[in-house]
Amino acid sequence: METEKKDHLINHEYQTLHEVVKALNQPGDIKSILESALRAITQFEEIKVQRKAGIFLADEAGKVLNLFAVIGDLSEEFMEKEKVVPYGSCLCGRAAESGELLMSESCFTDPRHERTFTDMTAHGHYIVPMKLHDRLVGIMFLYTNTEPSWYKHSQEVLLSIGGLMAHAVQSRQESRELEDYKNRLVEMVHAQTKSLVTANRDLEQKIEEKTRLSQRLEASARKLRDLGNHIQSIREEEKTRIAREVHDELGQALTGLKMDLAFLESDCAKDAEALKKIAQMKQATDATMRSVQRISAELRPVMLDTFGLWEAVSSQLEEFQKRSGLKTELKGSLDGMESDPELETILFRIFQETLTNVLRHADASRVSVCFSLENESVIMKVSDNGKGLDLKKTEDAQSLGILGMRERALMRNGSVEFENERGALVTVRIPLNARRRVDES
Ligand SMILES: Nc1ncnc2c1ncn2[C@@H]1O[C@H](COP(=O)(O)OP(=O)(O)OP(=O)(O)O)[C@@H](O)[C@H]1O
Ligand SMILES: [Mg+2]
């Protein structure tokens with residue numbers, strides 16, 4: 001080729017390359033980008049290209065080419081028949097298999113041009129593989145006049161354009177995959193956030209329900225306790241009234257009886273039989289008087305109202321020692337505790353129940369009571385030297401004695417604890433300032 005002609009060709013090659021790169025770098029969908037790149041190549045008249053070309057994308061796994069983009073006047077028959085072309089078939093299929101650029105002089109003389117169409121006019125072809133790192137991305141087919149240019153440099157330019165196109169397709173595919181992946185991730189995050197929000201709302205509702213329920217439970221427990229306290233004080237008042245009546249009415253009647261007997265005694269001074277009878281009756285009256293005193297003291301110890309808790313416990317212990325033979329002991333002090341009849345009654349009743357329990361269950365020979373004031377609380381410890389208690393029983397709903405002790409302590413926000421030391425140890429702890437708090441609530 002003469003130098004001037006050659007320079008012109010090379011110039012045009014660069015210009016074509018420039019146009020192709022410009023087309024491939026434009027924004028938009030990959031199909032229209034490839035179509036404008038094809039249009040740029042078909043301007044390259046020096047290599048005898050016609051304004052008719054197309055691109056197949058390679059399905060390497062399925063070993064087929066799928067028609068993707070075309071420009072120029074291609075018949076409906078062509079579009080239908082060339083939708084899918086297997087590797088190895090016709091010129092494009094061959095180029096796909098070999099990965100090499102193919103050129104065909106004429107569709108009528110080239111035996112490799114196997115696929116033909118109605119009213120097909122004479123033409124040649126450049127079949128250019130679109131490869132990226134040896135991987136086939138697609139095939140570009142260009143129509144030419146018969147006997148296209150065999151100029152080697154132009155073939156290399158076409159191969160480079162194939163590479164550029166492969167790169168464009170690949171990067172679009174990758175960015176589309178990335179976009180899809182990103183969208184899927186965003187969807188997943190959305191879905192998860194949604195389900196988290198729902199779960200959170202459910203949880204909040206459940207917590208609300210639970211809180212409401214526990215508030216209702218607390219309220220009814222408080223009502224029950226208030227009711228228990230009320231019943232307890234009514235019982236205490238009733239016992240006091242009965243104790244007073246038993247003591248006063250029966251006591252006076254018996255004293256009257258004793259006086260009558262003394263009178264009778266002096267009247268029947270000579271009747272030995274009658275005197276013996278009277279003496280027996282006086283003894284019976286004394287015994288009855290003692291019973292009346294004991295019963296009224298048990299109902300409501302006079303000592304508690306008159307002298308307070310310490311004295312009442314002390315006298316009850318003495319009485320207990322006499323009756324049971326167990327050795328008793330009172331230790332500590334209640335000095336500094338203000339008079340508080342309700343609190344004293346609570347402690348005294350708990351003390352009475354522990355004493356009864358020692359007698360009934362402990363097999364003990366000694367019982368000791370110790371009072372102290374610590375951290376704004378009054379503490380009463382009752383211990384024995386018996387066999388100790390079964391701690392499971394102290395939590396048992398059947399243990400009514402112990403339940404009653406706990407309830408009484410709770411009336412003033414107090415507690416009762418059970419332990420085994422040398423025998424059983426019962427510790428009652430009641431806050432001294434709790435009354436105001438209980439009244440306020
Ligand atoms: N000091 C103690 N030593 C050994 N066991 C004890 C002692 N105090 C209580 N217990 C055990 O604890 C149990 C529960 O006592 P609780 O006072 O509740 O019931 P109870 O005395 O059996 O019957 P009650 O209802 O008449 O009081 C008793 O049955 C007994 O087994
Ligand atoms: Mg008991």
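When we screen Gln232, Gln252 for residues that are assigned to a helix (DSSP H, G or I) and without any contact (Cβ under 8 Å) to a residue 60 or more places away in the chain, the only hit is Gln252.
Please specify each residue of segment 355-387 satisfying the condition of being more than 6 Å from ligand 1 (Cβ to nearest atom), assigned to a loop (DSSP other than H, G, I, E, B) and surrounded by 15 or more Cβ atoms within 10 Å (Cβ to Cβ). Scanning segment 355-387 gives Ala364, Asn385.
Here is a yes/no grid of residues against (1) more than 26 Å from His230 (Cβ to Cβ); (2) modelled with pLDDT of 90 or more; (3) under 48 Å from the mean Cα position of the chain (by Cα); (4) aliphatic (A, V, I, L, M):
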position	(1), (2), (3), (4)
Phe348	no, yes, yes, no
Phe351	no, yes, yes, no
Thr356	no, yes, no, no
Arg360	yes, yes, no, no
Ser372	yes, yes, yes, no
Met380	no, yes, yes, yes
Gly386	yes, yes, no, no
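Filtered by the rule that a residue be surrounded by 15 or more Cβ atoms within 10 Å (Cβ to Cβ) and closer than 15 Å to Thr288 by Cβ, segment 239-250 gives Val246, His247, Leu250.
For Phe108, the criteria (1) surrounded by 14 or more Cβ atoms within 10 Å (Cβ to Cβ); (2) more than 60 Å from the chain's Cα centre (by Cα); (3) farther than 21 Å from Arg39 by Cβ hold in every case but one, which is (1). Within segment 70-83, residues that are part of a loop (DSSP other than H, G, I, E, B) reach partners that are aromatic (Phe, Trp, Tyr) with beta carbons closer than 7 Å, at six or more positions or on different chains, in the pairs Ser75/Phe117. Of the set (1) loosely packed, with under 13 Cβ neighbours inside 10 Å; (2) free of Cβ contacts under 8 Å to residues at least 12 places away in the same chain; (3) of a type in the set (D, E, K, R), all apply to Asp226 but (1).
For segment 408-424, the tally of residues that are surrounded by 17 or more Cβ atoms within 10 Å (Cβ to Cβ) and either of a type in the set (Ser, Thr, Tyr) or not in a loop (DSSP other than H, G, I, E, B) (or both) stands at 6. Between Ser195, Ser171, Ser214, Ser175, the distinction of being within 24 Å of Asn413 (Cα to Cα), part of a helix (DSSP H, G or I) and among the small types (Gly, Ala, Ser) belongs to Ser214 only.
If you go through segment 388-418 and keep only what is within 13 Å of ligand 2 (Cβ to nearest atom) and in contact with a strand residue (DSSP E or B) (Cβ under 7 Å, 6 or more places away or on another chain), you end up with Leu389, Thr394, Met405, Arg406, Val416, Phe418. Could you please tell me which pairs satisfy a Cβ distance under 7 Å, a separation of 6+ or placement on different chains, a first residue in segment 384-396 that is hydroxyl-bearing (Ser, Thr, Tyr), and a second residue that is within 14 Å of ligand 2 (Cβ to nearest atom)? Close Cβ pairs (under 7 Å, with a partner that is within 14 Å of ligand 2 (Cβ to nearest atom)) amount to Thr394/Ile402; Thr394/Phe418. Take Glu338 and decide whether it is in a helix (DSSP H, G or I), more than 10 Å from ligand 1 (Cβ to nearest atom) and modelled with pLDDT under 95. So Glu338 fails the test.
Any residue that is small (Gly, Ala, Ser), buried (at least 16 other Cβ atoms within 10 Å of the Cβ) and closer than 25 Å to Lys6 by Cα - is there at least one of those in segment 134-143?
If we filter segment 134-143 for residues that are small (Gly, Ala, Ser), which is where we start, we get 138.
With the extra rule that they be buried (at least 16 other Cβ atoms within 10 Å of the Cβ), the set shrinks to 138.
Pick out the ones that are also closer than 25 Å to Lys6 by Cα and you get none.
Scanning segment 134-143 turns up no residue that is small (Gly, Ala, Ser), buried (at least 16 other Cβ atoms within 10 Å of the Cβ) and closer than 25 Å to Lys6 by Cα.
Lys270 meets the stated requirement of being of a type outside the set (Val, Ile, Thr), surrounded by fewer than 11 Cβ atoms within 10 Å (Cβ to Cβ) and not in a helix (DSSP H, G or I). Only one entry in Thr356, Thr328 is touching a residue at least 40 places away in the same chain (Cβ under 8 Å), outside the structural domain of Gln232 (by TED's automatic domain parsing), within 16 Å of ligand 2 (Cβ to nearest atom) and of a type in the set (S, T, N, Q), namely Thr356.
Output the residue which, of all residues in segment 111-133 that are of a type outside the set (A, V, I, L, M, F, W, C) and touching a His at 6+ places or on another chain (Cβ under 9 Å), is surrounded by the fewest Cβ atoms within 10 Å (Cβ to Cβ). Let's see the steps before the verdict.
Within segment 111-133, the subset of a type outside the set (A, V, I, L, M, F, W, C) is 111-116, 118-119, 121, 123-126, 129, 131, 133.
Remaining after also requiring touching a His at 6+ places or on another chain (Cβ under 9 Å): 113, 125.
Numbers: His113: 18, His125: 26.
Looking at the filtered set, the residue picked out is His113.
The values are calculated or read from the model by the stated rules, or taken from the named source; none is laboratory data. A quick note: this is a predicted structure, and the numbers were derived from the prediction, not measured. As a convention, Cβ positions derive from the backbone with ideal geometry for all residues, glycine included, and neighbour counts pool all protein chains shown.
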